[in-house]
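Worksheet: the structure to be examined is printed underneath.
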Amino acid sequence: MSDYVSGLKVGAKLGNGHFGEVFMGEDPAHGQVAVKILRREKFHDDTTWPTYKESYLAEAQNLSKASHRNVVKVHHVVEASDGESVLICMAFCSGGSLQKSFENGPMTLSAVRKIGTEVLMGLGAMHARGMIHRDIKPANLLLNGRSEAQLSDFGLVTDDLVLGYASQAGYSDHIAYEVWNGKGTSVRSDIWALGMTLFRLLHGKIWYEAAPSPQHVVEHGGFANTLKWLPHIPKPWRRAIRKMLNDDDSARYQNAAQALAGLSNLPVTPVWETAVALDSVRWQQLRGDRRIFVEWQRHSPRKHEWKAWSEPVGSGRIRQLGASSGAVGARQAVSKLEAFFAA
């Protein structure tokens, strides 16, 4: 790697992304860093590769001039001497990406609001510099050593390749309605992608992937009204995320500041720990000296059961708090669960 930056030592591989590989690194000026190497791929012919490469270099150089606590800092960017790859040296985020959190299951309301707030602060700062992210998703939200969310890969996707890239990288779910329909990306399409990201973090991978793939719905319109919510998600959260996902970009939050104001009043209590399986959902929370449990069994599309109870932390009796009258339909089960959580 001596043909990139003198003194930079590239170490163990951290992972793969659509835009190259990421390695641990040691930089003389910045200490421990992450090193992203963007190499020419098979689909880059002699005509497209120079254009892509110049785009990578320009956007990464722009990012290296910016600084915000909620955007991963780019220290320097260089092109290999053979012209076949680009190296981006950036701050190392020891907490990894939120993709793992998404895969582990639903996050709490407070955790998701914190992430949304931090991401919007970084997003607002970069939008003010005229930069659009175009690729907001859990895998591109990183946690630093203080567990603060930071945006990575800012601006590496361009309008020229956004649809093709999204298909290849598996993030088509995060493309806004107007982008599918040829309008191009904007501040408001970044808001759309963040809304989808927040929905994913609130629900986790199993619940999210049980629904029809959004990419087959979004481009035809009306996606926000098709969302299937876990019953404990409060109505203000649903309204805020549906606003972010509105087909009409003029009806969304128009910028990061408006979205921040919208998130600031969203409730974060009560705190439910939620576990989702293919055929069941289980919630629990500690309330005083008792632990509350809610269980929802989804035996089939038409056969659902739920029950709620509390158990003492120490000695005492189990108390029944509510239940379905045997097997009921999905709509009735969801309605009763929503009423229980709202009470």
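The values are calculated or read from the model by the stated rules, or taken from the named source; none is laboratory data. If you're wondering where the values come from, they're calculated on a predicted model, not measured in any experiment. All Cβ positions, even for glycine, are placed from backbone atoms using ideal geometry, and neighbour counts span all protein chains on display.
Just checking, how many residues over the stretch 157-184 are of a type in the set (A, V, I, L, M, F, W, C), at pLDDT below 70 and within 20 Å of the chain's Cα centre (by Cα)? Please lay out each step first, then the result.
Within the stretch 157-184, the first condition is being of a type in the set (A, V, I, L, M, F, W, C), and the residues that meet it are 157, 161-163, 166, 169, 175-176, 179-180.
In the following step, the residues that additionally are at pLDDT below 70 were identified as 161, 163, 166, 169.
Next cut, within 20 Å of the chain's Cα centre (by Cα) only: 163, 166, 169.
So the count comes out to 3.
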(request) Determine which member of the set Glu59, Glu54 is surrounded by 15 or more Cβ atoms within 10 Å (Cβ to Cβ) and among the acidic types (Asp, Glu). (result) Glu59
(message) Looking at the stretch 218-250 only, could you name the residues that are β-branched (Val, Ile, Thr) and either crowded, with 18+ Cβ neighbours inside 10 Å or on the phi > 0 side of the Ramachandran plot (or both)?
(response) Val218, Ile233, Ile241
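Going through the stretch 32-73 one residue at a time, which ones are charged (D, E, K, R), in a loop (DSSP other than H, G, I, E, B) and over 18 Å from Asn16 (Cβ atoms)?
To start, the set of residues in the stretch 32-73 that are charged (D, E, K, R) comprises 36, 39-42, 45-46, 53-54, 59, 65, 69, 73.
Now drop any that are not in a loop (DSSP other than H, G, I, E, B), which leaves 40-42, 45-46, 65, 69, 73.
Hits for the stretch 32-73 are Asp45, Asp46, Lys65, Arg69, Lys73.
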(request) Could you please let me know if Tyr253 is closer than 23 Å to Phe341 by Cα, buried (at least 18 other Cβ atoms within 10 Å of the Cβ) and either of a type in the set (Ser, Thr, Tyr) or modelled with pLDDT under 95 (or both)? (result) no
(message) Among the residues in the stretch 291-310, are any free of Cβ contacts under 8 Å to residues at least 60 places away in the same chain, exposed (fewer than 14 other Cβ atoms within 10 Å of the Cβ), farther than 26 Å from Glu209 by Cβ and outside the structural domain of Trp207 (by TED's automatic domain parsing)?
(response) no
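Would you point out the residue of the stretch 143-162, among those that are closer than 20 Å to Val77 by Cα and not acidic (Asp, Glu), that is surrounded by the fewest Cβ atoms within 10 Å (Cβ to Cβ)? Write out each step before concluding.
Taking the stretch 143-162 first, the residues closer than 20 Å to Val77 by Cα are 150-158.
Applying the additional criterion that residues be not acidic (Asp, Glu) yields 150-152, 154-158.
Numbers: Gln150: 23, Leu151: 27, Ser152: 24, Phe154: 27, Gly155: 21, Leu156: 25, Val157: 23, Thr158: 17.
For the stretch 143-162, the residue satisfying everything is Thr158.
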